[in-house]
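Each remark here refers to the structure printed beneath this line.
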Amino acid sequence: MILGSRLLTFQKAIALVALIGMVAAIASERVKRWVAALVAALIVVSLGVIHPVIALSYVDFDLLGLIVGIGILSYHLKRSNVVEWLSIKLVMKFKGNIKPIFFFICLIAGIVSIALENVSVVLLIAPIIYSLGRRLGFNPVTLLIAMALSSNIAGSATMIGDPPAIITASEYGLAFMDFIFYEGRPSMFFITVIPMLIAISLTTAIYARSAITKPVSDLSKEVRLDKVYVTEVLVFLAIKIALLSLRNVLHIPLSLSAAVGAGGLIITRLAHKDLEGIKEGVKEGFDWELLLFLVGVFIVSGAFNESGLARDFAYSIMSLGNNAFLITSALIWISVALSAFIDNVPYVATMIPVINVISDATGIGRITLAWALLTGATLGGNITYIGASANATAIRLAEKWGYRVRFIDFIKIGLVFTMSSILSGWALYIMFWLL
């Protein structure tokens, strides 16, 4: 019994050290992110914190497949010049004023992510941001980061958004409308969407100051569009979006929707003998550094959960007694802290049984606790780019564009965005569910 207890303590220590080591290595920028993540993953597997088979079960291969497929589609979107055309329309609409452009793009990302997976949103909107930066002569990185943050924040607004919302809905038998109103009270839709609007507004006011060096009048030149190519890209993009939106009804994986879209486009490009486009598109989709980084993060997150650290944090909440305000507030803020560094999908999956125990012990309603968990995990995953795949994808895109983004650079924006959203979300949660 003592030996087993010591082994469990050893595993927790290794999991915590591996996670802290990975974050420190990434923050130091002395090693590549994917190397730091894979080394940390190798440590927790080799030292027995998590069994190799279980470690692989934590890797979201479905999401990785989605990234590859949508990456291929995004390449063809950019190559077809439809992105250039859209960016010109946007610039002319707002007369080159960066603030409304900044706000509008972030808002669109947040709204679309209510129904679509966040990584898809980032990969679809990022080319427009890059095009805008190139045409207007400003650094697009700040807008790219803000857009990624916006895509993450509304994932639990409905039960068809992110996996944590789907997991919660499945556990408690919730219907679509329950995420909007539950037993007459405003639910996750309002607790996430209102903070999203506040965070986007504040971030725009603070960071939308990039200098525009090119006159808007120079953008009036017509962009040549291959109408056949554009039509093919948009048709298969629409098919992909439709499949993603209906994935819960059709019971299909995320990667299948992207595979259908990318595969269909590759076939049409073959018909046009566009071998160069096919080759470059596949190369763009298989971004090995991003894929390996995410694999490492998934495994380290899995080890954190398997070692029992997440449960330890949760059960410590019960020492607060039966005070609903203290318990739910602790649950929200612990979720904020943890979701900044570990993926929120395994975290929420691990915590669901724990909040059931807390509910039984304290008498606080399970849905009340579930909304607290989702509030913290959804609004709090934006402090770093480690805790959210969409953020990691955005940073990798910036690197491919030739921009260097330091760990601290992301935190500066992410902290403002997260604190404004979580404070407003916390206040709304208290107003709707505790008063």
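Among the residues of segment 269-285, write down those that are among the aliphatic types (A, V, I, L, M) and loosely packed, with under 11 Cβ neighbours inside 10 Å.
Going through segment 269-285, the residues among the aliphatic types (A, V, I, L, M) turn out to be 270-271, 275, 278, 282.
Residues satisfying the conditions are Ala271, Leu275.
Filter segment 199-210 down to the residues that are within 21 Å of the chain's Cα centre (by Cα) and crowded, with 17+ Cβ neighbours inside 10 Å and list them by number.
Taking segment 199-210 as the starting set, the residues that turn out to be within 21 Å of the chain's Cα centre (by Cα) are 199-204, 207.
Listed by number, the residues that qualify are Ala199, Ile200, Thr203, Thr204, Tyr207.
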Completion exercise
The number of residues in segment 423-435 that are surrounded by fewer than 19 Cβ atoms within 10 Å (Cβ to Cβ) and within 20 Å of the chain's Cα centre (by Cα) is 1
Practice task
List the number of the failed condition for Ser319; all other conditions in (1) surrounded by 21 or more Cβ atoms within 10 Å (Cβ to Cβ); (2) free of Cβ contacts under 8 Å to residues at least 12 places away in the same chain hold.
Solution key: (1)
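Considering only segment 336-346, state which residues are part of a loop (DSSP other than H, G, I, E, B) and out of contact with any Phe, Trp or Tyr (no Cβ under 8 Å at 6 or more places or on another chain).
Taking segment 336-346 first, the residues part of a loop (DSSP other than H, G, I, E, B) are 340-343.
Those that are part of a loop (DSSP other than H, G, I, E, B) and out of contact with any Phe, Trp or Tyr (no Cβ under 8 Å at 6 or more places or on another chain): Ala340, Phe341.
I'm checking my understanding of the structure. Among residues of segment 396-422 that are of a type in the set (A, V, I, L, M) and in contact (Cβ under 8 Å) with a residue 60 or more places away in the chain, which one is surrounded by the fewest Cβ atoms within 10 Å (Cβ to Cβ)? Quick ask: steps written out before the conclusion?
Our first condition is that a residue be of a type in the set (A, V, I, L, M); within segment 396-422, this holds for 397-398, 405, 408, 411, 413, 415-416, 419, 422.
Subsequent filtering for residues that are in contact (Cβ under 8 Å) with a residue 60 or more places away in the chain retains 397-398, 405, 408, 413, 416, 422.
Working: Leu397: 25, Ala398: 24, Val405: 20, Ile408: 10, Ile413: 21, Val416: 18, Ile422: 25.
The extreme case among them is Ile408.
With the condition being surrounded by fewer than 22 Cβ atoms within 10 Å (Cβ to Cβ), I'd like the helices (runs of 4 or more DSSP H) fully within segment 94-192 carrying at least 2 qualifying residues.
Details: elements: 98-112, 118-136, 141-153, 163-172.
Result: 98-112, 118-136, 163-172.
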Exercise for the section: Quick one: count up the residues across segment 348-371 that are touching a residue at least 60 places away in the same chain (Cβ under 8 Å) and crowded, with 23+ Cβ neighbours inside 10 Å. Expected result: 3
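So which helices (runs of 4 or more DSSP H) are wholly in segment 257-335 and hold at least 2 residues that are under 30 Å from Glu399 (Cα atoms) and within 22 Å of the chain's Cα centre (by Cα)? Can you show your working first?
On the way: elements: 275-285, 288-306, 309-317.
Per the criteria, 275-285, 288-306.
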Exercise for the section: State all residues of segment 151-184 that are within 18 Å of Trp426 (Cα to Cα) and either among the hydrophobic types (A, V, I, L, M, F, W, C) or at pLDDT 95 or above (or both); if no residue qualifies, say none. Expected result: Ile153, Ala154, Ala157, Ala165, Phe179, Ile180, Phe181
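Go through Ser156, Ser170, Ser150 for me and flag whichever is more than 23 Å from Leu250 (Cα to Cα) and either under 15 Å from the mean Cα position of the chain (by Cα) or among the small types (Gly, Ala, Ser) (or both). Can you show your working first?
Working: Ser156 fails: more than 23 Å from Leu250 (Cα to Cα); Ser170 fails: more than 23 Å from Leu250 (Cα to Cα).
None of the other options fit; the residue is Ser150.
The values are calculated or read from the model by the stated rules, or taken from the named source; none is laboratory data. From a predicted model like this one, the values you see are computed outputs, not experimental measurements. Here Cβ is always computed from backbone atoms with ideal geometry, including for glycine, and neighbour counts include all displayed protein chains.
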